[in-house]
Amino acid sequence: MAHYVLSDIHGEGSRFWKMLDIIGFSADDALFVLGDVIDRGPEGAQLLRWMAEQPNVQLILGNHEAMLLACPFIFDLIRGEPQGELGEEKTALFLNWMENGGGPTMEALAECDPETVSFIQEYLQEAPLYNAVSVNGRDFLLVHGGLGHFDPHRPLSQYTAHDLLWTRPDLDEAYFETVTTILGHTPTEFYGEAYAGRAIITPTWINIDTGAACGRAPMLLRLDDMEEFYGGVKG
């Protein structure tokens, strides 16, 4: 059994399936997906449905899934349930999601039957904001964005959704000394061209968002031996 982590595939289904083929992913393995399955690319809804049906795949919520969940009226609308006027607050939430690439996801959801739409909504509602796992005696914290307002003595349960979903740690920022935090959210090229398309490995955290949404190859990290796999090439 091997344990893999992937992040920020952003609706790029063909790249996702290619990555699973590269590692020979099977029912005996475990895959943790650090959010942002949806938006920008066209196959986010399809990927979510597949993940929800796999007992060995766990989704950790990303900020893009959170933006969709902040618009529950979208699910109601797609299911054909009566809707009144959205009002300013709902309109602002919807426009924020659209401005961040929600259009392809909404189109994909609109093609689903009502049962599938409800299935995906419930799956997202149940997704955790983080997970802690141990592999071969090494402890990992899996989270989408990072640990905003980090304090090593602060219980994880006291971090807000914004702390966990929207944080972009500085390169010199340190987290837990005895736990390796694995995160995504910020394409590594945003830290400079030297990091473009590659994982960033610091003493306490690793960023595995290698920029699938920016046209770069995604990566998988195998926690058992920290081997990196990049879009068709073993790293």
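The values are calculated or read from the model by the stated rules, or taken from the named source; none is laboratory data. This is a predicted model, so every value here is computed, not measured. For neighbour counting, all protein chains shown are included, and Cβ atoms are generated from backbone atoms with ideal geometry for every residue, glycine included. Just the protein is used for accessible areas: all its heavy atoms, side chains included, with ligands, DNA and RNA removed. Shrake-Rupley method; radii C 1.70, N 1.55, O 1.52, S 1.80 Å.
Among 70, 110, 92, the residue with the largest mean-square fluctuation in a Gaussian network model of the chain, with springs joining Cα atoms closer than 10 Å, is 92. A Förster radius of 25 Å combined with the Cβ-Cβ distance from residue 225 to residue 131 puts the calculated FRET efficiency at roughly 0.80. At a Förster distance of 45 Å, what's the computed FRET efficiency of residue 179 paired with residue 113, Cβ-Cβ distance as r, to 0.05? Efficiency, rounded to the nearest 0.05: 0.60. To the nearest ten degrees, helix 114-126 and the longest principal axis of the Cα atoms of the chain are 40 degrees apart. Take the convex hull of the alpha carbons in the stretch 1-137; its mean projected area over all directions comes to 8.6 nm².
Computed in the context of the full set of protein chains, the accessible area of the stretch 26-107 at 1.4 Å probe radius has 51% of its extent on carbon or sulfur. Per-residue Karplus couplings for the stretch 16-33, computed as 6.51 cos²θ - 1.76 cosθ + 1.60 with θ equal to phi - 60°, are listed in order as 4, 5, 4, 5, 5, 5, 4, 8, x, 4, 9, 5, 8, 9, 10, 10, 10, 10 Hz, Gly and Pro entered as x.
Length gained on full extension, residue 193 to residue 100, computed as 0.36 nm times the residue gap minus the Cα-Cα distance: 31.2 nm.
Relative to the compact-globule estimate of 2.2 N^0.38 Å, the Cα radius of gyration of the stretch 153-235 comes out at 1.14. Couplings for the stretch 71-76, taken from phi via the Karplus curve 6.51 cos²θ - 1.76 cosθ + 1.60 with θ = phi - 60°, read 10, x, 5, 5, 4, 4 Hz in order; Gly and Pro are left as x. Over the chain, DSSP H runs of length four or greater, each weighted -39,500 (n - 2.57), average out per residue to a 222 nm ellipticity of -9000 deg cm²/dmol. With K and R counted +1 and D and E -1, the other residues having a Cβ less than 13 Å from that of residue 196 yield a net charge of -1. Accessible surface area normalised per residue over the chain is 46 Å², counting heavy atoms of protein chains with a 1.4 Å rolling probe. Could you tell me how far the Cα centroid of the stretch 144-215 sits from the Cα centroid of the stretch 1-74, in Å? Measuring centre to centre over Cα atoms gives 18 Å. Across the chain, the mean sequence separation of Cα contacts (distance under 8 Å, 6 or more residues apart), normalised by length, yields a relative contact order of 23 percent. The angle separating the long axis of helix 87-99 from the principal Cα axis of greatest extent in the chain is about 50 degrees. Derived scalar couplings between HN and Hα for the stretch 146-155 equal x, 10, x, 6, 4, 9, x, 9, 8, x Hz in order, rounded to whole Hz, by the Karplus curve 6.51 cos²θ - 1.76 cosθ + 1.60 (θ = phi - 60°), x for Gly and Pro.
Size descriptors for the stretch 68-141: radius of gyration and Dmax over Cα atoms are 16.2, 54 Å. Under the combined filter of DSSP loop state and at most 12 neighbouring Cβ atoms within 10 Å, the stretch 147-180 retains none of its chymotrypsin sites (Phe, Trp or Tyr not before Pro). Surface composition of the stretch 132-223: carbon plus sulfur atoms contribute 50% of the solvent-accessible area (1.4 Å probe, protein chains only, all chains present). Counted residue by residue at 0.36 nm each, then reduced by the alpha carbon distance between them, the extension gain from residue 138 to residue 92 reaches 12.3 nm. Counting only the Cα atoms, the chain fills a convex hull of 126 Å³ per residue.
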